[in-house]
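A short worksheet on the structure shown next.
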Amino acid sequence: MNETETAGTRALFRPAFTHMAFHTADIDKTAAFYMRFCGMENVHERENDGIRVIWLAEPGKEHEFVFVLIAGGRPDPQPEHDMSHLGFALESRKAVDEIAEKGKAHLFWEPRDLPPPVGYFCALKDPDGRVVEFSYGQPLGPPQGGLCRQCRRSGSAHARSDRRSAPASAGPRSHDRA
């Protein structure tokens with residue numbers, strides 16, 4: 001942990017994950033992909049020394065996390081068995097199926113179901129060959145049906161809280177983490 005001094009008061013600062021940056025061969029095509037399939041918005045655009053940069057974010061979350069695209073790069077498709085990917089949570093199995101159908105031309109992993117904590121998912125490849133997963137049922141992302149997946153399967157009755165708005169003292173249950 002980093003320690004900083006503020007007006008004579010010691011404060012602790014934990015690093016916060018704020019962005020990921022990737023070079024892209026065609027910045028407009030790649031930005032359009034993430035806006036169309038991932039619901040991201042262009043929240044900042046600039047040019048530095050003749051190189052375009054675009055920041056994408058989920059609506060209303062531009063101060064929390066951004067996906068930075070930098071013009072100039074070459075597509076570097078992942079090998080077939082490389083499981084590296086970017087992951088986006090969806091609200092239902094139907095939404096996963098809809099992304100797979102809508103993105104047929106980019107489909108990399110057909111929709112499938114795996115045991116917890118993985119859930120139901122599919123994946124598309126972006127214009128630069130990066131794998132982008134769309135999932136439902138993982139203990140990450142928005143609440144799904146009010147109960148965590150493990151509790152839905154076991155029939156347990158405790159409600160799953162939305163960890164983004166729950167007080168820090170509430171803390172997630174151990175099985176809510178991947």
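Throughout, read-outs are computed from the coordinates displayed, never taken from laboratory work. It should be emphasised that the depicted structure is a prediction, and the values quoted were computed from it without experimental measurement. Glycine also receives a Cβ, built like all others from the backbone with ideal geometry; neighbour counts cover every protein chain displayed.
Applying the Karplus relation 6.51 cos²θ - 1.76 cosθ + 1.60 with θ = phi - 60° to region 51-59 yields 3J(HN,Hα) values of 10, 6, 10, 10, 9, 10, 8, 5, x Hz, where x marks Gly and Pro.
Counting Lys and Arg as +1 and Asp and Glu as -1 over every other residue whose Cβ lies under 14 Å from the Cβ of ARG74, the net charge comes to -2.
The chymotrypsin sites (Phe, Trp or Tyr not before Pro) of region 4-97 that meet both conditions, a loop assignment by DSSP and at most 15 other Cβ atoms within 10 Å of the site Cβ, are PHE17, PHE65. Around the amide H of HIS85, modelled in the peptide plane, lies no amide H under 5 Å away from a residue 5 or more places distant or on another chain.
Which of the three applies to region 1-129, rounded, prolate or oblate, going by the alpha-carbon gyration tensor with a ≥ b ≥ c and a/c under 1.5 meaning rounded? Note, shape of region 1-129 comes out oblate.
Shown here are the Rg and Dmax of the Cα trace of region 37-89, at 13.6, 37 Å. Taking label points 7 Å from Cα along the Cα-to-Cβ direction, ASP113 and HIS81 give a separation of 2.8 nm.
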